[in-house]
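Take a look at the structure set out below.
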Amino acid sequence: MEPLVAGQRRNVALFVMVSLVSGFGGTAMSLVAGIWVMDLTNSASLAAMAGFCVFFPTVFGPLLGALVDRLPRRPLLIWTNLLVAASLLLLLAVRSADQVWLLYVVMLAYGISYVLLDAGEAALLPAALSNDALGRVNGLRMSAQEGAKLLAPLIGAGLFAIVGGAGVAALAAVMLIIAAVLYRLVRAPEFRPPRQRRRIVDDTWEGIRFLLWDARLRAIVLVGALVVTMSGLTTAATFAVVDEGLGLSVAFMGVLSSAQGAGALAGGLLTGRLMANRGEALVGTLGALLFAVGTAARLLPWTPGVVASSVVVGVGLPWAVVAAMTAVQRQTPQDLLGRVAGTANTLVFGPMAIGIPLGAWLIAVADYRLTLVAVAIVTVIGGLLLTGRASFTRADSEGAVPAGSATPDGAETEVPSPVEAREIG
């Protein structure tokens, strides 16, 4: 792994800081939105709708990604943050259950912004960093996000108890404004969208086809999707582990959540070097295997063992996701990055909507231990089969620089046309 030049070290620091402040503000606001709705309506179902509003736009990832490819990337990131910050001002008007719809509108805006920002960042990163640095910065960003998640729920809930939801909304808005300023400081060649415009539906399908036709890229992304889906399946079973298996209060879930966050934080620090040496396919597969081991270890009738299993899951789950994210950034031409990243985002995170309720149904009709065993087995078999055709080395991408990205000396590579991109894939 080559050392970073000064300009790239600056960009790495800026991207990590963006992940830290955005992760903190977004996590705090997402948690408090549900608490706020519950406080106003005394309805758990209405409170859950706040989370649904954040998740729902993920379904439109390919379409929103195609929109990203039609716009300059850095201005898009800046203005998306500023507009969501402005929308948070609407929450200052929330006083009773009659204004709860404003919370839904703002959380829907948050959800749309997450898809746009994920696709925009995926497109901007290869232009701001060398190919070798992508895995490292993605791992550091994951660590920053997980670190923020360890503190944000406590601070957000505490602030809500002291000053109410408006105070948390103001804090989240400040975090978004800081993120916009940090994006402005990133040094990268400006992406010039193509002048010839086609129907956005055609652009969307082009991104989907690129991802699905590239066997290696498809395999790595599907491993990430498999692990995230299996994680959703184990959500309800983990509650049963604490309640039935260990005989502890459900509040102990907080300990397991913190242990998983600690594992993700540590795993993020290691994944960059591992990907640089072994490639994304191996890291994604190792992530799937670690997730399976951690899931199976939750069957242990021993509290310290279950806590340790959460740490292992915390390492494995982000490895699979970061490997998918980095593979997309490394193997996709610049003019397709937004729509391909948006499609990958939908494939990886969209199945959570099915996994969580399906997992809840499974433990209602069968012993939760069967769910954990089945998840572990499916993850191992699926992970190995999916990456069976993907090289476990990075020989096919050694030294390659994504089209349109910045080389270590600051030069910009040529961006191939979409037709050339399909031939490359």
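The values are calculated or read from the model by the stated rules, or taken from the named source; none is laboratory data. Just so we're clear, the structure is a prediction, and the values are computed from it rather than from any experiment. Virtual Cβ from ideal backbone geometry, glycine too; neighbours counted across all protein chains shown.
Summary of computed values
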{"item": "Criterion (among the charged types (D, E, K, R) and surrounded by fewer than 18 Cβ atoms within 10 Å (Cβ to Cβ)) met by exactly one of GLU244, GLU280", "result": "GLU244"}
{"item": "Some residue of the range 302-310 being modelled with pLDDT under 95, surrounded by 18 or more Cβ atoms within 10 Å (Cβ to Cβ), under 20 Å from GLY383 (Cα atoms) and in contact with a helix residue (DSSP H, G or I) (Cβ under 9 Å, 6 or more places away or on another chain)", "result": "yes"}
{"item": "Hey, PRO153 surrounded by fewer than 21 Cβ atoms within 10 Å (Cβ to Cβ), in the same structural domain as ALA28 (by TED's automatic domain parsing), in a helix (DSSP H, G or I) and in contact (Cβ under 8 Å) with a residue 24 or more places away in the chain or not", "result": "yes"}
{"item": "Only one of ARG195, ARG209 that is of a type outside the set (Gly, Ala, Ser), surrounded by fewer than 18 Cβ atoms within 10 Å (Cβ to Cβ), farther than 20 Å from THR371 by Cα and at pLDDT 90 or above", "result": "ARG209"}
{"item": "Tally, over the range 177-220, of residues that are among the aliphatic types (A, V, I, L, M) and touching a Gly at 6+ places or on another chain (Cβ under 6 Å)", "result": "1"}
{"item": "Condition check for VAL322: assigned to a helix (DSSP H, G or I) and farther than 26 Å from ASN131 by Cα", "result": "no"}
{"item": "Residue match in the range 116-129 (condition: in contact (Cβ under 8 Å) with a residue 40 or more places away in the chain, touching an Asp or Glu at 6+ places or on another chain (Cβ under 7 Å) and buried (at least 17 other Cβ atoms within 10 Å of the Cβ))", "result": "no"}
{"item": "Failed item, numbered, when TRP101 is tested on (1) at pLDDT below 90; (2) out of contact with any helix residue (DSSP H, G or I) (no Cβ under 7 Å at 6 or more places or on another chain)", "result": "(1)"}
{"item": "Out of ALA109, ALA86, sole residue that is at pLDDT 90 or above, among the small types (Gly, Ala, Ser) and under 18 Å from the mean Cα position of the chain (by Cα)", "result": "ALA109"}
{"item": "Any helices (runs of 4 or more DSSP H) falling wholly within the range 29-90 and containing at least 1 residues that are among the polar types (S, T, N, Q)", "result": "44-55, 73-87"}
{"item": "Hey, ALA161 surrounded by fewer than 22 Cβ atoms within 10 Å (Cβ to Cβ) and farther than 30 Å from TYR368 by Cβ or not", "result": "yes"}
{"item": "Any chance VAL365 is under 19 Å from TYR114 (Cβ atoms), of a type in the set (Val, Ile, Thr) and not assigned by TED's automatic domain parsing to the domain that holds LEU116", "result": "no"}
{"item": "Conditions (1) of a type in the set (A, V, I, L, M); (2) buried (at least 24 other Cβ atoms within 10 Å of the Cβ); (3) within 23 Å of PHE15 (Cα to Cα): number failed by MET230", "result": "(3)"}
{"item": "Selection status of LEU269, in contact with a Ser or Thr (Cβ under 6 Å, 6 or more places away or on another chain), farther than 29 Å from VAL59 by Cβ, modelled with pLDDT under 95 and part of a helix (DSSP H, G or I)", "result": "yes"}
{"item": "Residue within the range 404-416 that is modelled with pLDDT under 55, in a loop (DSSP other than H, G, I, E, B), buried (at least 17 other Cβ atoms within 10 Å of the Cβ) and among the charged types (D, E, K, R) present", "result": "no"}
